[in-house]
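The values are calculated or read from the model by the stated rules, or taken from the named source; none is laboratory data. Source: prediction; values computed, not measured. Here the Cβ is made from the backbone with ideal geometry for all residues, glycine too, and neighbour counts use every protein chain on show. When the accessible area is computed, the model is the full protein with side chains, heavy atoms only, and any ligands, DNA or RNA have been set aside. Shrake-Rupley method; radii C 1.70, N 1.55, O 1.52, S 1.80 Å.
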Amino acid sequence: MKTKSLIYYSLISSIFLFSLVSIWKILVTLQGVELKNFNFVIIITLGIAISLLNLIIGEKLNYLIKSTLFALIFTFVDGYIVQAMPIWYNIGIFAILIFFSLKINKYNQKYLASEHSSQIVVFDFLTLFGIVLFSFVILFPFYMMLITSFKTQAALLINPLDFSINFNQDFKELFKSYFVIFDTYNFGRYILISTFVSVGTVIVTLIFAIPAAYAVARLNFFGKNFLSTSILIIYMFPAIVLVIPLYTVFSQLGLRNSVGGLLIVYTATTLPVAIYMLQGYFRSIPKELEEAAIMDKLNWFGIIIKIILPLSIPAISSVALYVFMIAWNEFLFSLMFLDNPNSFTLSRAIQYLSGDAETPRQYLMAGSVVVTIPVLLIFVYFEKYLVSGLTAGSVKG
Amino acid sequence: MSDILSKIEKRTAYILILPAVFLVFSIILFPIFANVWISFKEVGLKDIRIPEPRAKKIVKSIKDNPDQLKVIYKLRNSSLILEIRDVKFQDKLPKNVKPINLDERCRVKSNKIYCEFGNWEAKYRENFQILLKSSDGKQLNKKELKTIKPKLTGKSDNILLNTNFTLKNFKKVFFQNEFFDLLSTTFYYTFFGTIGSIIFGILTAQLVNQKFFGRTFMRSVLLFPYVGPVVALAYTWELLLDPYSGTLNNLLINFQVIQEPLNLLGQKYLTINFFGFDLKLRLALTTVIIFEIWRYFPLAFLFILARLQAVPKELYEAAEVDGAGPLQKFINITLPQITAVISILFMIRFIWNFNKFEDIFLLTGGASGTRTLPINVYEQGFTISDIGMGSAVSIVIVALLLIFMFVYFKLIGKRADEN
């Protein structure tokens, strides 16, 4: 066994343990439990002790017994330090320790003696650490968004760290913020507008993009190469540059505050990437099919409808989902073009809501939940399609 | 025969692409050129409304004379700054009605009144009257008269269409707009945001490229910040970071990491004592950059992961046989495999971050040292209401981007040649 590996192993594993315990402590604090200290020194010491004990005991004990033993020791010591905690806190600590002990079980004296073991140990724990940390950092704001929408302004002012939800209150009280935003702030209407704009954008974009993509993929015409390269360059052009001229022109044409105007802009901004994605897919469809179709005296329209479309359902759905997501999340143009609350999209409505300093934060968060949930659901459900869309069209800001 | 076919092919191709090209041209390319045009003009937000001649019609009965009616048109020029030329007026009369003592600017032709009012200067107002008399002795119908709306037309200068150009806007952009401050803020934001998101992208891609329980779930979770709506995420962060009631500050104070709450989004500088040196950190800008990284590293993650999954396993196996450790494998195999992706990512992210507007706008509104060029476009155009100035700033953005792309392609192109 190398000393270097030993030091790395014990240190990094105890730091990992510390971070797990700390995240648990943060989550516990957010339930309104008073907990003031991470006890860095004690937990690191305990972690080092456990990791060394693990090496000493090795395989003399069954790994389950060993893990339980470690977990019990740690839980008792920790329980003695923090004291007067609800029992579920200790259960959580116990579970974390079981997980940790099972993870360090694979390291033994022989393992640490092997070549590169110190590096491997560091990489192993960094991976674990990364998984825990990244999940926490990413999910935490979403978690806060959801929980805040169930709290009341008064409760949050009394104890800003108490995010426990009282499930004993009746349904109407619990979902009060949601009732308020739908009744008082008209969110039902905004959902409809957002849905209409997004779905409309998807449909119009596809109607424009499919024929164009087919032409770029299959037909020979003057300026084809120029067109296919300029598609991407156009896509890189920033929206903020378009805002002022579009605003002036739309004002003069009376297209501001109209959902139709928004739809046109969204379609134009998503068209280049839709064409780019679709033409790539169309190229992969074997040409023989179309040649046979020409023999059958089908015209181009027929070819697209009867041959290309049925074969490219996956590509079309990924474009559709991607475009839907962009349109649903879009904010800049809706900020510029809409200033009449009757034609707000969801994003714009939430921004409008926040402009009033009096608006309680739980309403704002309830609105945020309402606008976030559809995209996340769609994303999780259709992840396979969306990921390929994202990778192909991922130049979008 | 083939000639005819290729002709048909060409024609079909043009028919197929024309709608898309037309739309993209009018909504994306035309505005870019229009921007150049506007940036050389002095135009304010109020100037872009086209002046219109307007008339409000009021019908009044005359006390002692039931056969007659008085119609008052309140005429005005809607614009406060521009005149309208050749105003023409037209109103329809019911069949049994005749005007008496008609104004000399007007004439009647087949139940319609036509008037020519000439030129109206800005803010012009006039109460124009017509007396109407029944021609067949029947009672005049007030309601019917009211429902007919007069039509007015006129010509006016559209300030956007005349050919008065000036360089004033650009002078202001470079000399009165704290231009270099803006530029350096934009650069910090863009550069560190890009580098940060790429670094975290590499880390997470490396992470997910290994096998562990819950890997697909992890991959979805990592993409959440990127697919979530920016409005919702920005406001959530704002609440999290609030100095008094925000969760982060309260947690940090609770666990005694800091003594005083930090105004992470509202404080321009934070002085940190570092071994006796006072370091000034741009606090709000750093926070905004962290948000930026948090939101956009998933994209880098996705790109790099796709590339990593395409790296042949044999490379790693061979390296293992040669006795390479994880670090060496990462440096000697993984990194060279992903440099191409990283260089593309760098360019894409750099361009997009350079133009990022929503995130900063929603988090700080450009206050406390986070004013970047895109924020300035909005401020100039819509807060200060100087459309011409806003356009000039956006032209500067486009010019800088073009320079960046040019230099970047030169450098990358050279390196690609050498390899």
For this session: Taking the residues in segment B:1-22 that are surrounded by fewer than 19 Cβ atoms within 10 Å (Cβ to Cβ) and of a type in the set (A, V, I, L, M, F, W, C) as candidates, determine which candidate is modelled with the lowest pLDDT.
Result: B:1
For this session: Taking the options A:132, A:82, A:137, name whichever one is in the same structural domain as residue A:42 (by TED's automatic domain parsing) and either among the aromatic types (Phe, Trp, Tyr) or over 26 Å from residue B:297 (Cβ atoms) (or both).
Result: A:82
Problem set entry | Selection within segment A:9-49 - among the polar types (S, T, N, Q) and not in a loop (DSSP other than H, G, I, E, B) | A:10, A:13, A:14, A:19, A:22, A:29, A:31, A:45
Exercise. More than 36 Å from the chain's Cα centre (by Cα) and more than 14 Å from every other protein chain (Cβ to nearest Cβ) - does that describe any residue in segment B:244-264?
Worked result: yes
Seminar exercise, completed: Those residues of segment A:85-109 which are surrounded by fewer than 19 Cβ atoms within 10 Å (Cβ to Cβ), touching a residue at least 40 places away in the same chain (Cβ under 8 Å) and farther than 27 Å from residue B:215 by Cβ amount to A:85, A:86, A:109
Exercise. Taking into account only those residues within segment A:112-132 that are surrounded by fewer than 20 Cβ atoms within 10 Å (Cβ to Cβ) and more than 10 Å from chain B (Cβ to nearest Cβ), which is modelled with the highest pLDDT?
Worked result: A:132
Exercise. Within the set of pairs 6+ apart or on separate chains, which have a first residue in segment B:204-232 that is at the interface with another protein chain (Cβ under 7 Å from one of its Cβ atoms), a second that is open to solvent by 50 Å² or more (accessible area, probe 1.4 Å), and C-beta atoms under 7 Å apart?
Worked result: B:220/A:380; B:221/A:139
Exercise. Of A:65, A:26, which residue is over 25 Å from residue A:120 (Cβ atoms) and buried (at least 17 other Cβ atoms within 10 Å of the Cβ)?
Worked result: A:26
Seminar exercise, completed: Here the residues within segment A:198-240 that are more than 7 Å from chain B (Cβ to nearest Cβ) and among the polar types (S, T, N, Q) are A:198, A:201, A:205, A:225, A:228, A:229, A:230
For this session: Give segment B:6-53 a look and list any residue that's within 7 Å of another protein chain (Cβ to nearest Cβ) and assigned to a loop (DSSP other than H, G, I, E, B), or say none.
Result: B:49, B:50
For this session: Would you check which residues across segment A:133-164 are more than 21 Å from residue A:359 (Cα to Cα), in contact with a Phe, Trp or Tyr (Cβ under 8 Å, 6 or more places away or on another chain) and open to solvent by less than 60 Å² (accessible area, probe 1.4 Å) and list them?
Result: A:138, A:139
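Select, from A:254, A:280, A:302, the only residue that is within 11 Å of chain B (Cβ to nearest Cβ) and either buried (at least 24 other Cβ atoms within 10 Å of the Cβ) or of a type outside the set (A, V, I, L, M) (or both). Walk me through how you get there before you give the answer.
Working: A:280 fails: within 11 Å of chain B (Cβ to nearest Cβ); A:302 fails: within 11 Å of chain B (Cβ to nearest Cβ).
From the options A:254, A:280, A:302, the qualifying one is A:254.
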For this session: Among the residues of segment B:152-203, write down those that are open to solvent by 80 Å² or more (accessible area, probe 1.4 Å), assigned to a loop (DSSP other than H, G, I, E, B) and either without any contact (Cβ under 8 Å) to a residue 40 or more places away in the chain or of a type in the set (A, V, I, L, M) (or both).
Result: B:161, B:163, B:167, B:176, B:178
Problem set entry | Candidates A:369, A:380, A:375, filtered to the one that is at pLDDT 85 or above, under 14 Å from the mean Cα position of the chain (by Cα), open to solvent by less than 20 Å² (accessible area, probe 1.4 Å) and more than 24 Å from residue B:352 (Cα to Cα) | A:369
Problem set entry | Condition check for residue A:260: without any contact (Cβ under 8 Å) to a residue 12 or more places away in the chain, open to solvent by 30 Å² or more (accessible area, probe 1.4 Å) and more than 10 Å from chain B (Cβ to nearest Cβ) | yes
Problem set entry | Filter result for the condition that a residue is at the interface with another protein chain (Cβ under 10 Å from one of its Cβ atoms) and open to solvent by 20 Å² or more (accessible area, probe 1.4 Å), over B:361, B:409 | B:361
Seminar exercise, completed: Counting only helices (runs of 4 or more DSSP H) wholly inside segment B:300-399, the ones holding at least 1 residues that are farther than 20 Å from residue B:230 by Cβ and touching a residue at least 40 places away in the same chain (Cβ under 8 Å) are B:335-354
Seminar exercise, completed: Residue hits (segment B:84-110; acidic (Asp, Glu) and either open to solvent by less than 40 Å² (accessible area, probe 1.4 Å) or in a loop (DSSP other than H, G, I, E, B) (or both)) are B:91, B:103, B:104
